Structures are given as C-alpha cells and as structure tokens.
Amino acid sequence: MAMQARAAGAPNWLKSAGALLLGFAAVVGLSIGTDQIMHSLGVYPPWGQPMTSTPLLLLALAYRSVYGVLGSYLAARFAPIKPMQHAIALGGIGFVLSTLGAIGASQMDMGPLWYPVALVFTTLPSAWLGGYLFRKQSS
C-alpha cells in the first residue's frame, strides 16, 4: 500500500520540479539574454566592468522584476497542484540566490551595493505577483 502511494505521488513531484525549473529557466534565460543585448548595443559597459549608472541599474532591476513575475507565473501555470505555493517556492529560490549574490557583491567592487540588495527585496514580491496573476486569470 505504501509503495502505491509513493508511486502515485511521483508524477506530481516531477511536474512540480518541472514547473519550478521552467520558471527558473525563464527568469535566468531572459535576464542573461537581455543583459547580453544591452552589452552588445553598448547600452551597458563591457562584460567584466562594473556598472555604476543608477538609471541603468534601475532599468536592469525593472526588467529582472518583470521576468521574476513571468517566471513565477509560469511556475504557477504548470504546477500540478497549489500554484501559488509553486510561485512562492520559485521566489524562495530566487531569494536565496539573490542573497548569496548580494553577499558576494559586498566582497567585491561590482558597483553600488544597493542594486544586489534591491534584487533580494524584490524577488518575493515579484514571485507573489506572478502567482496572483495566474490565480486571477484562471478563476
């Protein structure tokens, strides 16, 4: 009986992992892709040089926040159950990774520290908004 319960839960677990992976890949892929375009167009300084321009950092924060909403929306959309929990879980992953990035940035000269700290503080609200938008659309 216990084996049956475990086997029945495996597809949902895999679907949950897939939903989170899809959302994460969307956020990371879109962020890096947009960064690359901005560097290629000369809007951002060359890779490896710190970016210190507040307007450019605000631009990066804005599109990363939008991509966070989109990624969390996708995680919620493809979640087999409890879509809002999947969106928030993706936000939690982003929060941990952003926190580690902010800690690393504080040890190096990578530009103003407010930017990586802002990423930490916008991650969970963006995730919540993505889950909320999915829930609102699906009801």
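Since residue 112 meets every condition but one in (1) in contact with a Leu (Cβ under 7 Å, 6 or more places away or on another chain); (2) closer than 29 Å to residue 14 by Cα, which condition does it not meet?
Among (1) in contact with a Leu (Cβ under 7 Å, 6 or more places away or on another chain); (2) closer than 29 Å to residue 14 by Cα, the lone unmet condition for residue 112 is (2).
Here is a yes/no grid of residues against (1) surrounded by fewer than 21 Cβ atoms within 10 Å (Cβ to Cβ); (2) at pLDDT 95 or above; (3) touching a Pro at 6+ places or on another chain (Cβ under 9 Å):
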residue	(1), (2), (3)
68	no, yes, yes
71	no, yes, no
75	no, yes, yes
79	no, yes, no
87	no, yes, no
95	yes, yes, no
100	yes, yes, no
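With respect to residue 41, determine if the residue is more than 21 Å from residue 117 (Cα to Cα), surrounded by fewer than 14 Cβ atoms within 10 Å (Cβ to Cβ) and at pLDDT 95 or above. Break it down into steps so the answer makes sense when it comes.
Values: more than 21 Å from residue 117 (Cα to Cα): yes; surrounded by fewer than 14 Cβ atoms within 10 Å (Cβ to Cβ): yes; at pLDDT 95 or above: yes.
Judged against the criteria, residue 41 is a match.
So, in region 109-139, how many residues would count as being farther than 22 Å from residue 84 by Cβ, part of a loop (DSSP other than H, G, I, E, B) and not hydrophobic (A, V, I, L, M, F, W, C)?
Number of matching residues: 3.
Name the single residue, out of those in region 31-84 being in a helix (DSSP H, G or I), of a type in the set (A, V, I, L, M) and in contact with a Gly (Cβ under 8 Å, 6 or more places away or on another chain), that is farthest from residue 133 (Cα to Cα).
Of region 31-84, the ones in a helix (DSSP H, G or I) are 31-40, 54-78, 83-84.
Pick out the ones that are also of a type in the set (A, V, I, L, M) and you get 32, 37-38, 56-62, 66, 69-70, 74-76, 84.
Among the residues that remain, those that are also in contact with a Gly (Cβ under 8 Å, 6 or more places away or on another chain) are: 57, 69-70, 74-76, 84.
Numbers: 57: 26, 69: 9, 70: 9, 74: 10, 75: 12, 76: 9, 84: 10 Å.
Among those that are in a helix (DSSP H, G or I), of a type in the set (A, V, I, L, M) and in contact with a Gly (Cβ under 8 Å, 6 or more places away or on another chain), it is 57.
Out of the residues in region 8-33 that are closer than 18 Å to residue 123 by Cα and of a type outside the set (Gly, Ala, Ser), which is surrounded by the most Cβ atoms within 10 Å (Cβ to Cβ)? Reasoning before the result, please.
Filtering region 8-33 for residues closer than 18 Å to residue 123 by Cα gives 19-32.
Of the ones still in play, those that are also of a type outside the set (Gly, Ala, Ser) are 20-22, 24, 27-28, 30, 32.
On the way: 20: 22, 21: 13, 22: 17, 24: 18, 27: 27, 28: 14, 30: 17, 32: 10.
Of everything passing the filter in region 8-33, 27 is surrounded by the most Cβ atoms within 10 Å (Cβ to Cβ).
The values are calculated or read from the model by the stated rules, or taken from the named source; none is laboratory data. Note that the structure is predicted; figures quoted are calculated from it, not measured. We place every Cβ from the backbone using ideal geometry, glycine too, and count neighbours over all the protein chains shown.
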